[in-house]
1. So Tyr19 clears everything in (1) hydroxyl-bearing (Ser, Thr, Tyr); (2) in a helix (DSSP H, G or I); (3) more than 26 Å from Val148 (Cβ to Cβ) except one condition, right? Which one?
2. Among the residues of segment 144-170, count how many are modelled with pLDDT under 95 and not aliphatic (A, V, I, L, M).
3. For Val134, all conditions in the list (1) more than 14 Å from Ala24 (Cα to Cα); (2) in contact with a helix residue (DSSP H, G or I) (Cβ under 8 Å, 6 or more places away or on another chain) hold save one; what is the number of the exception?
4. Taking only pairs six or more apart or across chains, which ones have beta-carbon atoms under 7 Å, a first residue in segment 108-134 that is more than 20 Å from Thr48 (Cβ to Cβ), and a second residue that is modelled with pLDDT of 95 or more and among the acidic types (Asp, Glu)?
5. For the subset of segment 175-189 comprising residues that are exposed (fewer than 15 other Cβ atoms within 10 Å of the Cβ) and charged (D, E, K, R), which member is farthest from Pro220 (Cα to Cα)?
6. Hey, among Ala24, Ala13, Ala61, which residue is aliphatic (A, V, I, L, M), at pLDDT 95 or above, assigned to a loop (DSSP other than H, G, I, E, B) and surrounded by fewer than 18 Cβ atoms within 10 Å (Cβ to Cβ)?
7. Taking segment 45-83 as the search range and keeping residues that are among the aromatic types (Phe, Trp, Tyr) and touching a helix residue (DSSP H, G or I) at 6+ places or on another chain (Cβ under 8 Å), which one is farthest from Arg100 (Cα to Cα)?
8. Does segment 219-235 contain at least one residue that is assigned to a loop (DSSP other than H, G, I, E, B), in contact (Cβ under 8 Å) with a residue 60 or more places away in the chain and at positive phi?
Amino acid sequence: MPPSTKKSKISAADFASLYEGFNAPVSRFDCGRKCAPLNDGEPVCCSTQNAVPVVHKAEWALLKTRTDLWSKFKPYDYSTRMIVEELTSDCMAIHCKGARHCERDNRTIACRGFPFFPYLTRQKQFVGIGTYWVFQDRCWMMSNLEVVDRTFVEEFITAYEALFVKDKDEFDTYVDYSATARRVYSRWKREIPLLGRKGELLIVTPSTGEIRPGKPRDFPKMEPFNSEKNYKQAIKDAGGEYPKDGLRPS
């Protein structure tokens, strides 16, 4: 979750309320089993080697009263030092004990929503959820949007709408982030994949912002998830173990 650039007024109690309404899994399948072999056995979203969780200090205040799962993140290289140094006074970086110790009720909002972010149009309309494109080569889910459950999408939308009411700065952050998405995809000469507010597939033409209904063929799978051969080779290159029982319900 990209940090806000302004001081937040949201409280720990507000985050407790958000947690209550945002518990649905992304899918009925354990998608972590698909990316973990490429990431030293850990799901990509559960490793600070890939993504450093950034939270509001109000959310951190809540977590400290509920669990010892989380602790302050300590930068380990130039890139992570820059992440921490660029945070505003409202935010902080944290990390958890790892996927094997996960407490689902004590996941952050960013964890619950990964790999998605609220997508807003140029007119600032919250029309659906986009994917954090920097993870497209490591996150299996981003190449298989058709397995995302509608309940997850609806809870995501509801949670972020409530967050935006409490924190206008967070809304502005995602207005800017959505604009960044349009610029990035324009440079790539690719359309933006979205899931609409009811979980339907949508396609955005980044140069104009136009949105149209999408079909599975409009969502090309990214390497190494574009073929079983490439996937197996990527696992071999990473020194991982192929999940022989495939993708199974979580």
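1. That leaves (3) as the condition not met.
2. Of the residues in that region, 7 qualify.
3. Result: Val134 fails condition (2) only.
4. Listed pairs, sorted by first residue: Phe126/Glu161.
5. Asp176
6. Step by step, each of Ala24, Ala13, Ala61 is checked, and only Ala24 is aliphatic (A, V, I, L, M), at pLDDT 95 or above, assigned to a loop (DSSP other than H, G, I, E, B) and surrounded by fewer than 18 Cβ atoms within 10 Å (Cβ to Cβ).
7. It comes out as Phe73.
8. No, the conditions are met nowhere in segment 219-235.
The values are calculated or read from the model by the stated rules, or taken from the named source; none is laboratory data. The structure presented is a predicted model; accordingly, all values stated were derived computationally and were not measured. No Cβ is skipped: glycine too gets one built from the backbone with ideal geometry, and neighbour counts run over all protein chains shown.
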